[in-house]
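Undergrad: Sending over a structure as structure tokens; questions will come in a sec.
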Amino acid sequence: MQGRKPKAVLVPFGYPGYPDSYLERFTEESVEALKGLGIELRRSAIVKVRSDAAEAVKALKEEDFDFLIVLILSWLEAPNVIDVVDGFPDVPILLWSHTMFKENGEWMTLGPMPGAGVIRQTFEELGLNFKFVYGMPDEEKVRREIGLLARAASVVYRLRHSTVGLLGYASMGMYTACFDHLPLREKLGVEVQHMDQYVAVKRIEEMEDEQVERLVKEAKEIWEIGQGVTDRDLIISLKMYRALKDLVEEFGWSALQIKCQYELSKHYKSVPCIPLSMLGNEVPSSCEGDILLIVTQLMLHYLMGGIASYGDIHTVEEDRILVGACGYAPFGLCDGRPKVDKTEVLYEGVANCSLYKEGRVTLARLGYRRDRSLKMHIVTGEAKKPRPFREVGCLPYPSMEVVLDGKGDNVAQNLASQHYAIAYGDFREELLELCNLLSIAPKIT
């Protein structure tokens, strides 16, 4: 579904007492505005009387769409609208009301806002998942608000058709990496397919060295490889990449999460840092069995259509934070040639030592509230080259310093874990829209 456009169905509502010429004209102008936003659109006939609603529902049942657009062209009878939306209780709704228009120097109205006043309150009392937008099709603010809703609704649809592959489970007693499977499926629609890391290890051990010869050759040409890395290290690491990639493709996973400590890092003696740094260019990937992290990465990936990474927050200062994982960053987000080296402190294997590119970034993290409802912490700023640092005895980490839009202490007081998803760009508004559709409590700092 990569590059998929948002899909919507438009149901226009009018009233028999107004000229059809106005209703049809404003419907067509609305359709053109929606298509101009990149929305793949189907529309029903204008609903004016109760029997029209039944025909609209019949047509809608034949469509597959991300969100329903209830377009109020004029005054209307409210039961006609409810007859339509009743058939789609779980679909996000854009409630769009037209307003006044000018013709021959005179302001005129068909009464859409009075109708919207009735419908908006009715939707609220019914507990429907909707966004209310008002204005004419040529208004920039209307197009902007509809565009935000369309992108968020598309992500909601894609999440409900996504499966995360989980190899192992939460690492090193990380409570914040644990998740509630059924509520996650119910609230976000994401399925989790769990297997043991042994599935990957077995495939690695059954793979012939010749199967990764080309990858080893390319790595030696493209990467900056530390002196401690042997050919055998590269072969094992690239076999792991092939094994993980094969699992993703075989089971149709939308993202991959794997536990490294301690089964792979200590017992197998080969961490998945390089395999994930390669695979992260293709699908959202991360480690330590953190499901809420990978789902956040998946959300950002769908919103921007690009690579989503993650990092640990290592320090918080007045105006900045230092972010980096202990050997992982998608190579596509690294500055210059990938740098890899071997480590035998805290964990064993070949790790990524590259630095991130500079640029505008959004960091986000899903978490649970005490009642087990979901929240999201959102942070934005400018990624800069980090000061030289390392964890004691370890290789330099793929990292960035993020000069914050807000204050460092506000970030610290709202930390939802050490792991935060990273996306290049500013996605605050899109994440807020998504949180609203999914009943997630957002916090921007």
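Undergrad: Can you find a residue that is more than 30 Å from Phe130 (Cβ to Cβ), in a helix (DSSP H, G or I), in contact (Cβ under 8 Å) with a residue 12 or more places away in the chain and of a type in the set (S, T, N, Q) anywhere in the range 395-410?
TA: Yes - at least one qualifying residue is present in the range 395-410.
Undergrad: Which helices (runs of 4 or more DSSP H) sit wholly inside the range 152-253 and have at least 1 residues that are closer than 30 Å to Leu374 by Cα? Reasoning before the result, please.
TA: Values: elements: 181-188, 198-206, 213-222, 231-251.
Fully inside the range 152-253 and qualifying: 181-188, 231-251.
Undergrad: Name the one entry in Leu374, Leu346, Leu333 that is modelled with pLDDT under 95 and over 20 Å from Val316 (Cα atoms).
TA: After applying the criteria, what remains is Leu346.
Undergrad: Let me ask something else. Right, Tyr368: buried (at least 24 other Cβ atoms within 10 Å of the Cβ) and touching a Leu at 6+ places or on another chain (Cβ under 7 Å) or not?
TA: For Tyr368, the condition - buried (at least 24 other Cβ atoms within 10 Å of the Cβ) and touching a Leu at 6+ places or on another chain (Cβ under 7 Å) - is not met.
Undergrad: Are any residues in the range 18-44 in contact (Cβ under 8 Å) with a residue 24 or more places away in the chain and among the small types (Gly, Ala, Ser), and if so, which ones?
TA: Those that are in contact (Cβ under 8 Å) with a residue 24 or more places away in the chain and among the small types (Gly, Ala, Ser): Ser30, Ala33, Gly36, Gly38, Ser44.
Undergrad: Tell me, yes or no, whether the range 175-187 has at least one residue that is under 21 Å from Arg365 (Cβ atoms) and aromatic (Phe, Trp, Tyr).
TA: Yes: the range 175-187 contains one or more residues that are under 21 Å from Arg365 (Cβ atoms) and aromatic (Phe, Trp, Tyr).
Undergrad: A follow-up question, please. Exactly one of (1) closer than 22 Å to Cys260 by Cα; (2) in a loop (DSSP other than H, G, I, E, B) is unmet by Arg370. Its number?
TA: Checking Arg370 against (1) closer than 22 Å to Cys260 by Cα; (2) in a loop (DSSP other than H, G, I, E, B), the one that fails is (1).
Undergrad: With the checklist (1) free of Cβ contacts under 8 Å to residues at least 24 places away in the same chain; (2) within 23 Å of the chain's Cα centre (by Cα) in hand, flag the one item Phe251 doesn't pass.
TA: (1)
Undergrad: If you scan the range 99-142, which residues turn out to be free of Cβ contacts under 8 Å to residues at least 24 places away in the same chain and in a loop (DSSP other than H, G, I, E, B)?
TA: The answer is Met100, Asn104, Gly105, Thr109, Gly127, Glu139.
Undergrad: For the range 411-420, enumerate the residues that are over 22 Å from the mean Cα position of the chain (by Cα) and either among the hydroxyl-bearing types (Ser, Thr, Tyr) or part of a loop (DSSP other than H, G, I, E, B) (or both).
TA: Result: Gln413, single match.
Undergrad: Exactly one condition in (1) hydrophobic (A, V, I, L, M, F, W, C); (2) more than 23 Å from Gly189 (Cβ to Cβ); (3) part of a loop (DSSP other than H, G, I, E, B); (4) within 27 Å of the chain's Cα centre (by Cα) is not met by Trp96; state its number.
TA: (3)
Undergrad: Inside the range 59-70, can you point out the residues that are surrounded by fewer than 18 Cβ atoms within 10 Å (Cβ to Cβ) and under 16 Å from Pro12 (Cβ atoms)?
TA: Ala59, Glu63
Undergrad: So is Gly332 in a loop (DSSP other than H, G, I, E, B) and either hydrophobic (A, V, I, L, M, F, W, C) or surrounded by fewer than 22 Cβ atoms within 10 Å (Cβ to Cβ) (or both) or not?
TA: In short, no.
Undergrad: So which of Val345, Val350 ends up being part of a loop (DSSP other than H, G, I, E, B) and of a type outside the set (Asp, Glu)?
TA: None of the other options fit; the residue is Val345.
Undergrad: A further question on this structure: All but one of (1) assigned to a loop (DSSP other than H, G, I, E, B); (2) free of Cβ contacts under 8 Å to residues at least 24 places away in the same chain hold for Glu145; which doesn't?
TA: With (1) assigned to a loop (DSSP other than H, G, I, E, B); (2) free of Cβ contacts under 8 Å to residues at least 24 places away in the same chain applied to Glu145, the lone miss is (1).
Undergrad: Residues in the range 374-382: is at least one free of Cβ contacts under 8 Å to residues at least 40 places away in the same chain and more than 18 Å from the chain's Cα centre (by Cα)?
TA: Within the range 374-382, one or more residues are free of Cβ contacts under 8 Å to residues at least 40 places away in the same chain and more than 18 Å from the chain's Cα centre (by Cα).
The values are calculated or read from the model by the stated rules, or taken from the named source; none is laboratory data. These numbers were taken from a predicted model, which means no experiment stands behind them. A quick note on method: Cβ atoms are made from the backbone with ideal geometry, for glycine too, and the neighbour counts reach across all protein chains shown.
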